[in-house]
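The values are calculated or read from the model by the stated rules, or taken from the named source; none is laboratory data. Bear in mind the structure is a predicted one, so any value in this text is a computation, not a measurement. Reconstructed Cβ throughout: ideal geometry from the backbone, glycine too, with neighbour counts over all protein chains shown.
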Amino acid sequence: MEKKYLIERFDSKPESSLLTLVENRTAYTYEMCELNLFETHRPAENVQLTFDHFVLTSMLSGKKVMKLPKKSQFDYLPGESVILPPGETMNIDFPIAKQHNPTQCIALTISNEAISKTLDLLNEYHPKADSWGIWEIDPCLFHLTNNNDLADTINRIVKITKNENGKIKDMMVELTLKEMLLRLMQTQARELFETSYQSLATNNSLGAAIQFIKAHLREKLDFNKLADIACMSRASFFKKFKESMGLTPAQYILKERIKLAQNELRQSTKTITEICFACGFENLSHFVTCFKQEVGVTPKLFQNSEAA
């Protein structure tokens, strides 16, 4: 399971200051966006919510059951975000909201101008490689697990909202908002290639490179070979891969090997050392250090917890 990165909670409001116990809204308005904090202090069902602008929502605490048009319902939990186009209605259940432990969610509505300016800037000055498509937000990839980069930019907008004052506050939010949109698209790219790299590999050279990586994770990978598969120089491949995915090829390979090791630790009776070398690592100490940084526990503790 991919590690989830959390968004910082707001202090809960006293009940006497709430206008409603279900989806009580506090709005912080900026020139290019509006940050809305929603708090629900009691269980509720079939609560409807619609925004006029593109919106990125992030769960801070509790749980929602989300029902969106033409999509299967799903649990929405802390460490996750959902994007919605303008005018799409959410139908929401709040199964575990409590008076002293409210369900909190933020909704960041973003102006069309902010999105268009960011996309135009990226496509003009930092275009993707020829077969890799253009910079755009994909509405089909709407339910996301927060990675570190995406969560960091959302958290910075939250912190600016809480801590900054004066005219500089709006500028700080606008600059961070542009980075957040970039991180959102990189997050979507990683999710897209995680699920569809095989179908994309035929006519997308990034998909072809990722397919090769996944097929040869247990072996020593040659970056020059990957660049050849992507039909570009090694330097261009590293640059464009990092821009599109938010990770260097080496960082991506490391994460993929850690995921492979997690599966081996769940399903195999091999020793930690055997799994280390079977997953493409050349040094046990390096494997243990990287695994703990990525997963939060050592390989041995992970193996023991999965066996329990």
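State yes or no: is Met232 under 30 Å from Lys128 (Cβ atoms), touching a helix residue (DSSP H, G or I) at 6+ places or on another chain (Cβ under 6 Å) and in contact (Cβ under 8 Å) with a residue 12 or more places away in the chain?
Values: under 30 Å from Lys128 (Cβ atoms): yes; touching a helix residue (DSSP H, G or I) at 6+ places or on another chain (Cβ under 6 Å): no; in contact (Cβ under 8 Å) with a residue 12 or more places away in the chain: yes.
Spelling it out, it is not the case that Met232 is under 30 Å from Lys128 (Cβ atoms), touching a helix residue (DSSP H, G or I) at 6+ places or on another chain (Cβ under 6 Å) and in contact (Cβ under 8 Å) with a residue 12 or more places away in the chain.
When only residues in the stretch 52-110 that are of a type in the set (D, E, K, R) and in a strand (DSSP E or B) count, which is surrounded by the fewest Cβ atoms within 10 Å (Cβ to Cβ)? Out of the qualifying residues, it is Asp75. Picking from residues in the stretch 111-140 that are of a type in the set (A, V, I, L, M, F, W, C) and part of a loop (DSSP other than H, G, I, E, B), the one that is surrounded by the most Cβ atoms within 10 Å (Cβ to Cβ) is Trp135.
Looking at this structure, is Val158 at pLDDT 95 or above and either outside any helix (DSSP H, G or I) or touching a Phe, Trp or Tyr at 6+ places or on another chain (Cβ under 7 Å) (or both)?
no
When residues in the stretch 18-45 are screened for being polar (S, T, N, Q) and either more than 21 Å from Phe94 (Cα to Cα) or not assigned by TED's automatic domain parsing to the domain that holds Arg156 (or both), 1 of them pass.
Elements of the type helices (runs of 4 or more DSSP H) sitting completely within the stretch 199-308 and holding at least 2 residues that are in the same structural domain as Pro127 (by TED's automatic domain parsing): there are none.
Residues in the stretch 12-33 that are small (Gly, Ala, Ser), loosely packed, with under 15 Cβ neighbours inside 10 Å and either at pLDDT below 95 or more than 30 Å from Glu179 (Cα to Cα) (or both): Ser16, Ser17. The residues in the stretch 257-289 that are surrounded by fewer than 19 Cβ atoms within 10 Å (Cβ to Cβ) and in contact with a Leu (Cβ under 7 Å, 6 or more places away or on another chain) can be counted, and the count is 2. Looking across the stretch 211-224, the residues that are within 13 Å of Phe237 (Cβ to Cβ) and touching a residue at least 40 places away in the same chain (Cβ under 8 Å) come down to Ile213, Leu221.
Taking the conditions (1) in the same structural domain as Glu34 (by TED's automatic domain parsing); (2) in contact (Cβ under 8 Å) with a residue 40 or more places away in the chain in turn, Thr176 satisfies each one other than (2).
Per the listing Lys98, Lys128, the residue uniquely under 30 Å from Pro14 (Cβ atoms) and not assigned by TED's automatic domain parsing to the domain that holds Phe238 is Lys98.
Picking from residues in the stretch 161-181 that are assigned to a helix (DSSP H, G or I) and among the acidic types (Asp, Glu), the one that is nearest to Tyr5 (Cα to Cα) is Glu179. Mind checking whether some residue in the stretch 85-102 is over 17 Å from the mean Cα position of the chain (by Cα) and aromatic (Phe, Trp, Tyr)? Within the stretch 85-102, one or more residues are over 17 Å from the mean Cα position of the chain (by Cα) and aromatic (Phe, Trp, Tyr).
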